[in-house]
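One structure is given below, encoded as C-alpha cells.
Laboratory data are not the source of any read-out in this text; all were calculated from the coordinates shown. Here the structure is a predicted model, which is why all the values come from computation and not from measurement. Heads up, the Cβs are rebuilt from the backbone with ideal geometry, glycines too, and the neighbour counts pull from every protein chain shown.
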Amino acid sequence: HRIGRYYPQIHVGYAVIEPVKKILYCVDENRNQPEFVRGGGGKVYALKIQEDGSLTEINHKFSFGNLASYCALSTKKDYLIVTNHGGGDPVLQITKDEAGKYQIEMSESVSSTVLYPLVEDGSIQSPSYIYDHNLHRRDGL
C-alpha cells in the first residue's frame, strides 16, 4: 500500500483522510521505536497528500501506548482521537510505601485513548487529554 512505499518504517494500524486539506492521518502500530532501546510504543502521523499522490510528513507524535490501533477525526476536523492496545506486556514499577520501604508492582502496558488538537496546517499538537484504561480498571472505574 502507498504509505509503505514512502514510509516503510510505519506499520499502519489504521488511517483516515481529511479530504479538504488532503491530509492522511495514520497510526504506527509498533511496540518498539528506534529512539528507545526497547519499547516506546506507537506513533501517530500527519502526512500531506501531494498532487502526484506522494506523501510528505507534516509531523508525528508518540501515541502514548504500545500498539496504536485506531484514529478518527472530530466532526469539525480540529481533533484527532487515537486508541492504543496495551499489548499485555508486563511492566515493572518500583514504588515506596508510606514507611519509605521499596516495593515492586507489576502492571500491564498502557491501553489508552488520546485526544490531539490539530492546527490549521493539519499538524498534530501535544495531547490535550489522555485516558489511561489500565489506571481506571485498577481503580474500579
query = Using θ = phi - 60° and the Karplus form 6.51 cos²θ - 1.76 cosθ + 1.60, what ³J(HN,Hα) does each residue of the range 74-83 get, whole Hz, x for Gly and Pro?
reply = 5, 4, 7, 6, 10, 9, 10, 10, 10, 10
ask   = Around Leu55, with a cut-off of 9 angstrom between Cβ atoms, what is the net charge of the other residues, counting Lys and Arg +1 and Asp and Glu -1?
value = +2
query = Under 17 Å from the Cα of Lys43, which lysines turn up, not counting those fewer than eight places away in the same chain?
reply = Lys61
inquiry  = Between Thr56 and Asp121, what is the label-point separation in nm under the 7 Å Cα-to-beta-carbon projection?
reply    = 1.0 nm
query = What is the gain in length, in nm to one decimal, between Ser128 and Ile81 on full extension, counting 0.36 nm per residue of separation less the C-alpha to C-alpha distance?
reply = 15.9 nm
